[in-house]
Amino acid sequence: MNNFMHLLFSTDFAFSVLRVMTPILFAALGALISNKAGIVNIGLEGTMLVAALTGVITSAYSGSAWVGLLCAVLSGVIIAALLGFFTLKFKTHIILGGIAVNMFASGGTVFILYLVSGDKGASTSLKSGVLPNLHIPLIQDIPVLGPILSGHNVLTYVSLVAVAGLYYLLAKTPLGLQIRAVGENPKAAQSVGVKVNRIQFISLLISGFFASLGGAYMSMGYLSLFTRDMTAGRGWIGIAAEAVGRSTTIGTFLSALLFGAADALANALQILKLPAELIGTTPYIVTVIALMVYAISESKKKKRKLTKAKLKETKSS
């Protein structure tokens, strides 16, 4: 137990929180941008899987991790474009479309991996490219902060920059204003000349972009290979993080940090020699608890609004 507590309050644990938070944060940002436009992207999990496999295959055959990253991003954007095309053009139900993406990715990635390499379940025969870790000058020499903030994979820093970038996009740019307007009241936005379908399509593309970065990180940063269903629900946890964060950029980031801490805690619990099955449920238990707290707070918020509305009606009458 002493060893566990020492690990829990160490810089290594804080470092691992940021490390495991990265794919969750990318998925959460993808959920945020699409939800702001009033269109729920349930296909984040599948998009991450496709990007993870694409990154491994293309980096192995090209010999460049950066080429692999580029192709992974393109694959995620293409998946999002197809989802948007069928949803917005042919009016396919967005939830059913997202589920189809996830189901295709789960089985399709394994099938494609087998066709390309002959491997079943893991890309052991492919020499995947690995994106570099960055050691930040000056910061790496600061006690406590240095070991926590320096030495992460390049995509971890990209995810942190993406939080600031998405905040600026939504709050300070005309496109962000249109995205928020479409999400809040599409008919009103359309009445002033905003092309609702185009804005929602763009939002889905950005959502796919973020999700694909999370997938690429899983297979080219967190690990150096692809394994079957390696995202392990992180796309769904990202959607939960966005909901718990109340669809705000900062709130989403903090929620992703919380879920990352839960994931890191699951890894730290291995030192106690608890059953692996029990340890593996830790992130999902935290997700359920967080969603319960969120649902209760939302219910109380609605009750307060109804009470205020009734009081106004009583006073007016």
Counting only residues that are of a type in the set (S, T, N, Q), open to solvent by 10 Å² or more (accessible area, probe 1.4 Å) and either more than 19 Å from SER159 (Cα to Cα) or in contact with a strand residue (DSSP E or B) (Cβ under 8 Å, 6 or more places away or on another chain) (or both), segment 17-62 contains a total of 3
Given the conditions (1) more than 20 Å from the chain's Cα centre (by Cα); (2) outside any helix (DSSP H, G or I); (3) among the aliphatic types (A, V, I, L, M), every one holds for ALA232 apart from (1)
Of the residues in segment 211-229, those that are within 17 Å of the chain's Cα centre (by Cα), of a type in the set (Ser, Thr, Tyr) and surrounded by fewer than 24 Cβ atoms within 10 Å (Cβ to Cβ) number 1
Filter segment 122-172 for residues that are in contact (Cβ under 8 Å) with a residue 40 or more places away in the chain and either aromatic (Phe, Trp, Tyr) or touching a His at 6+ places or on another chain (Cβ under 7 Å) (or both); the one that is nearest to SER247 (Cα to Cα) is TYR167
Counting only helices (runs of 4 or more DSSP H) entirely within segment 244-317, those with at least 1 residues that are under 22 Å from ALA31 (Cα atoms) and open to solvent by 90 Å² or more (accessible area, probe 1.4 Å) are 249-268, 282-316
Being assigned to a loop (DSSP other than H, G, I, E, B), closer than 24 Å to THR156 by Cα and modelled with pLDDT under 95, is that true of even one residue in segment 201-223?
yes
Flagged in segment 79-111 as among the aliphatic types (A, V, I, L, M), touching a Gly at 6+ places or on another chain (Cβ under 8 Å) and in contact (Cβ under 8 Å) with a residue 60 or more places away in the chain, in numbering order, are ILE79, ALA80, ALA81, LEU83, ALA105, VAL110
Taking segment 135-161 and keeping only residues that are out of contact with any Leu (no Cβ under 7 Å at 6 or more places or on another chain) and either of a type in the set (Asp, Glu) or closer than 15 Å to GLY214 by Cβ (or both), one is left with ASP141, LEU160, VAL161
Only unsatisfied item for LYS305, checking (1) touching a residue at least 12 places away in the same chain (Cβ under 8 Å); (2) over 30 Å from ILE57 (Cα atoms), is (1)
Residue set THR307, THR248, THR252; condition farther than 22 Å from LEU160 by Cβ and not aromatic (Phe, Trp, Tyr); output residue THR307
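Rundown of residues vs (1) at pLDDT below 95; (2) open to solvent by 20 Å² or more (accessible area, probe 1.4 Å); (3) acidic (Asp, Glu), yes/no style:
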| site | (1), (2), (3) |
| --- | --- |
| ALA72 | no, no, no |
| LEU96 | yes, yes, no |
| VAL116 | yes, yes, no |
| THR124 | yes, yes, no |
| SER128 | yes, no, no |
| ILE139 | yes, yes, no |
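The values are calculated or read from the model by the stated rules, or taken from the named source; none is laboratory data. Quick caveat, the model's predicted, so the values are computed rather than measured. In this analysis, Cβ positions are derived from the backbone assuming ideal geometry, glycine residues included, and neighbour counts consider all displayed protein chains. Note: accessible area is taken over every heavy atom of the protein model, side chains too, but ligands, DNA and RNA are not part of it. Shrake-Rupley method; radii C 1.70, N 1.55, O 1.52, S 1.80 Å.
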